[in-house]
Amino acid sequence: MSILYAKVIVNPAAGAYSTRRKWPVINKLLKEAGLSFDYQHTEGVGHATELALAATTDGYRYLVAVGGDGTVNEVANGILGSMAAQHTVLGVVSTGTGSDFARSIGIPRHYARACSCLTSPRRQAIDIGVVNYRRGGRFEQRFFVNAAGIGFDARVVEVTQGWPKYFGGTIPYVAGLLCSLFGYRNKSVVLRVGGRVEAKCVLSIVVSNGCSFGGGMRVAPQAELNDSLLDVITVGDMSKFELLKAFPAIYKGTHINHPKIRMEKATSITVESSEPVLVQADGELLGETPASFHLMPSALNIVV
């Protein structure tokens, strides 16, 4: 399989603007790897989606996202919003703080190794999650590649979104968790998973396509990107003390054995609530409930 000419979309703000500093080196590494490409820098939130959509419309069939999980999400949304999604492949050079999608799919997290993989002929077709939510009085839709969340998880994203991301891994998420914890109240929701409907009080609901979350935590340890199923992790009416006590187990994925945490697999999920509850996808705050999730099997091809 020949290597396609690529459009490289670079988010210079990723990794606390460290990508701006790394880009000259990455540019050189891509050329040394034999990749033929041109590139554009993003200028703000949502711009990577616009660039990706324009690139696929212009005939590019290989797009490379250089940035964090939010950049990958935006580029994927641009591809999936085009008429050529099935014929377009996505490469990833992870330069953000969390790198959860890279962890989930097994792409090298160091940018130098990731660059050398971009001329690989190997492709992996992955499932894509779709979330519908409310924002500013209107309903919107977003694709996600790795994971989405409702409740406390989204509150952590809201708290940390304006923070400088100088530290990688789980440090930003843990700091945000601690800052969010003491003022947060669990939410009463009506949860529909497949054909089951129940009303319950929850701390958080995570709908996961990939296994890694929050910078390396194994929130959905059994999730696979190509199993045609979403993993739904429901954290019930857990107290703050119970959450802190159970938190270390998330790194091993053994938290799913907690009596107040339930894991199940489904292709459709709906969450309704009497009060608005925050919704996030791939670490980006989207809006509020009501929200629904469904799966698009084998919808995006990734260079691995």
Rule-of-thumb check for the chain: C-alpha Rg over 2.2 N^0.38 Å? 0.96
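What's the magnitude of the charge dipole for segment 19-68 around its Cα centre, counting Lys and Arg as +1 and Asp and Glu as -1 at the beta-carbon? Answer in Debye, nearest 20. Spell out each step's value before the answer.
Details: 6 positive and 5 negative charges, 63 e Å.
Computed charge dipole of segment 19-68: roughly 300 debye.
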Roughly how compact is segment 128-298, stated as its Cα Rg over 2.2 N^0.38 Å to two decimals? 0.94
So what is the calculated 222 nm ellipticity per residue for the chain, using -39500 (n - 2.57) for each DSSP H run with n of 4 or more, over all residues, to the nearest 500 deg cm²/dmol? -7500 deg cm²/dmol
Residue farthest toward the positive end of the dipole of segment 128-298, with Cβ of Lys/Arg at +1 and Asp/Glu at -1: which of G195, L278, S298? L278
Lysines whose Cα lies under 30 Å from that of K245, excluding same-chain neighbours fewer than 8 positions away: K165, K187, K200, K260, K265
Sort 197-203, 113-119 by packing, meaning the average of other beta carbons within 10 Å per residue, with the highest value first. 113-119, 197-203
Just rank Y62, Y251, fewest to most, by other beta-carbon atoms within 10 angstrom. Y251, Y62
Just check segment 1-75 against the gyration tensor rule for me: Cα atoms, a ≥ b ≥ c as the square roots of the eigenvalues, rounded for a/c under 1.5, and otherwise prolate or oblate depending on whether a/b exceeds b/c. oblate
The simple spin-label model distance between R262 and N226, using points 7 Å out along Cα→Cβ, in nm, is 3.2
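Could you work out the relative contact order of segment 6-121? I mean the mean sequence separation of Cα pairs under 8 Å and 6+ apart, divided by the number of residues, in percent. Write out the running numbers ahead of the final one.
On the way: 212 pairs, mean separation 35.7, N = 116.
Relative contact order, segment 6-121: 31 percent.
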To the nearest 20 debye, what is the magnitude of the charge dipole of segment 128-298 about its Cα centre, counting +1 on the Cβ of each Lys and Arg and -1 on the Cβ of each Asp and Glu? 280
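Given R₀ = 41 Å, FRET efficiency for L178-R138 by Cβ-Cβ distance, to 0.05?
Here the calculated transfer efficiency is 0.75.
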For each of K22, K265, K187, K245, count neighbouring Cβ atoms within 10 Å of the residue's Cβ, then give the residues from fewest to most. K245, K265, K22, K187
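Values quoted throughout were computed directly from the atomic coordinates according to the rules given, and no laboratory measurement underlies them. Bear in mind the structure is a predicted one, so any value in this text is a computation, not a measurement. Please note: Cβ atoms are built from the backbone with ideal geometry, for glycine as well, and neighbour counts cover all protein chains shown.
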